[in-house]
Every structure is written in structure tokens, then in C-alpha cells.
């Protein structure tokens, strides 16, 4: 899979954790493939209720490793509410504080929680200033939300659902954002091409092609601004 990514011209893959075990696995994968893979560590809102202090300490230890370049996947999920909302919010705030201490970006999950996620990120940005940065992953909001968060220093990340006509908000955002304010992703193993095809890094080529169509420009023209945005994100 990584060989196919290299052959397709993919230069960097940022692999996030969603719980302690996957965060450790992401760091290990990045250490074994430093030419291509970088890691993020974090606790997804679904898994926030399972954390104890020892686990939080381990996340902080992992975050200090050189291969780890971001805190994520963190955020709020008010669609499933697999962890109580107050526990989700406490986990989000704790990890925003960790990112601020380490001067790292955040990878943010937002499902049916647009207002609360935006408020939390804008408050965090207002508190720590220009060092606040991150990605709204698999963006599902609208163009106005994308514009406000982009203005506060966050990137908008699009996955394959941006190709669906039902995704009116993300499609409008993709067409309206300035170059250099968005990136592409897979959200593998989820949000894949179809049930028969595995979702892997090369899926981002399809995402980029759809962004090109929405913006009326060649997908190749998106590469340099996205590369620069990614490099500014992870430092």
C-alpha cells in the first residue's frame, strides 16, 4: 500500500490515532517509514470515556516523540454520543491544552457538533494566538463555517464525500476557499470509494480531481498550495 502511494506521487501521509493503542501504532508506523509517514496521537470523542490518568500520561509521552507532528484525532461527536458530551468536551479541552504546550496542530473531528466545535477552536485560537493551527478533518460544515475557521488559521480537509451532490456545504466550501487553505485526505478505512475497493492513500487523487472540478482548475494546480499548507501545519 505504501509503495503504491509512493508510485502515485504522494509525498506525506499523516496517520492519526483515535485511542491509546492506535496512537502507539501510528507512532510506530511513522518510525518505520520516516520518508513518507508522520504520526498524530490523540483520543477520539468516541473513546474519551475509556481514558484514565495513566492513559492520558502515555498520550503526553507519545506526543513528545519526534515522529509525532500533531494531536489528533480529537473533537466532538454529537451524532453517536458514544461518550457523554461533558466527557467529550473535557477530553477536547485537555488535548487542545496539550497541543498549545507542545506548539502542535490539532486534527479535529466534528460530527453534528458544528457550533460547539467552532466555538471551542475559536476560543482556543483567541487564547493562544498565532500558534493555534489545525485541520477540520472530513469537513462536513458549510462555506461560512469554513471561511471563519480558515480565517482563524485552520485548514479544511476534504475526503471523498465532497464528490457527492448531497454534500452541499462541503462542496460550496471547496469552491470558495482560497488556495492553500485546504488539504485532502482519505479517512481510511472509512469514506472509501465503494464496498469493493479498499480505501488507501491513493484515494486522495480522486478527491483532488473532484476539487479541481468544483474549482474549475486542473488538479495539478492544487498540489503546490496543499504542499505548502501541510508543511506550514506540521512545521
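If you scan the range 112-132, which residues turn out to be at pLDDT below 95 and either under 24 Å from residue 187 (Cα atoms) or touching a strand residue (DSSP E or B) at 6+ places or on another chain (Cβ under 7 Å) (or both)?
132
Within the set of pairs 6 or more residues apart or between chains, which connect a residue that is free of Cβ contacts under 8 Å to residues at least 12 places away in the same chain inside the range 60-87 to a residue that is surrounded by 15 or more Cβ atoms within 10 Å (Cβ to Cβ) and in a loop (DSSP other than H, G, I, E, B) with Cβ atoms less than 7 Å apart?
Here the result reads 85/78, each pair linking the range 60-87 to a residue that is surrounded by 15 or more Cβ atoms within 10 Å (Cβ to Cβ) and in a loop (DSSP other than H, G, I, E, B).
For the range 44-68, give me the residue count where each residue is farther than 17 Å from residue 136 by Cβ and either in contact with a strand residue (DSSP E or B) (Cβ under 7 Å, 6 or more places away or on another chain) or part of a strand (DSSP E or B) (or both).
Step one: filter the range 44-68 for residues farther than 17 Å from residue 136 by Cβ, giving 46-68.
Among the residues that remain, those that are also either in contact with a strand residue (DSSP E or B) (Cβ under 7 Å, 6 or more places away or on another chain) or part of a strand (DSSP E or B) (or both) are: 46, 59, 62-63, 67-68.
Residues that pass the stated criteria total 6.
Can you give me the number of residues within the range 1-43 that are assigned to a loop (DSSP other than H, G, I, E, B) and touching a helix residue (DSSP H, G or I) at 6+ places or on another chain (Cβ under 9 Å)?
Number of matching residues: 14.
In the range 79-111, what residues are touching a strand residue (DSSP E or B) at 6+ places or on another chain (Cβ under 7 Å) and either exposed (fewer than 15 other Cβ atoms within 10 Å of the Cβ) or assigned to a loop (DSSP other than H, G, I, E, B) (or both)?
Listed by number, the residues that qualify are 79, 104, 105.
Test residue 226 against the stated conditions and say whether it is more than 21 Å from residue 112 (Cα to Cα) and either within 18 Å of the chain's Cα centre (by Cα) or modelled with pLDDT of 95 or more (or both).
So residue 226 fits the description; yes.
How many of the residues making up the range 1-43 are touching a residue at least 60 places away in the same chain (Cβ under 8 Å) and touching a strand residue (DSSP E or B) at 6+ places or on another chain (Cβ under 6 Å)?
Summing the residues that are touching a residue at least 60 places away in the same chain (Cβ under 8 Å) and touching a strand residue (DSSP E or B) at 6+ places or on another chain (Cβ under 6 Å) in the range 1-43 gives 6.
So which residues in the range 139-155 are surrounded by fewer than 24 Cβ atoms within 10 Å (Cβ to Cβ) and within 22 Å of residue 189 (Cβ to Cβ)?
Answer for the range 139-155, where residues must be surrounded by fewer than 24 Cβ atoms within 10 Å (Cβ to Cβ) and within 22 Å of residue 189 (Cβ to Cβ): just 140.
Quick one: residue 235 ticks every box in (1) at pLDDT 95 or above; (2) surrounded by fewer than 20 Cβ atoms within 10 Å (Cβ to Cβ) except a single one, so which number is it?
Residue 235 satisfies every listed condition except (1).
Can you tell me which residue within the range 61-78, out of those that are surrounded by fewer than 16 Cβ atoms within 10 Å (Cβ to Cβ) and touching a helix residue (DSSP H, G or I) at 6+ places or on another chain (Cβ under 8 Å), is farthest from residue 114 (Cα to Cα)?
Out of the qualifying residues, it is 65.
Anything in the range 182-202 that is crowded, with 18+ Cβ neighbours inside 10 Å and touching a helix residue (DSSP H, G or I) at 6+ places or on another chain (Cβ under 6 Å)? List them, or say none.
If the condition is that a residue be crowded, with 18+ Cβ neighbours inside 10 Å and touching a helix residue (DSSP H, G or I) at 6+ places or on another chain (Cβ under 6 Å), then 183, 184, 186, 201 are the ones that fit.
The values are calculated or read from the model by the stated rules, or taken from the named source; none is laboratory data. The model shown is predicted, which means the values in this text are computed figures rather than measured ones. Note: ideal-geometry Cβ built from the backbone for every residue, glycine included; neighbour counts use all protein chains shown.
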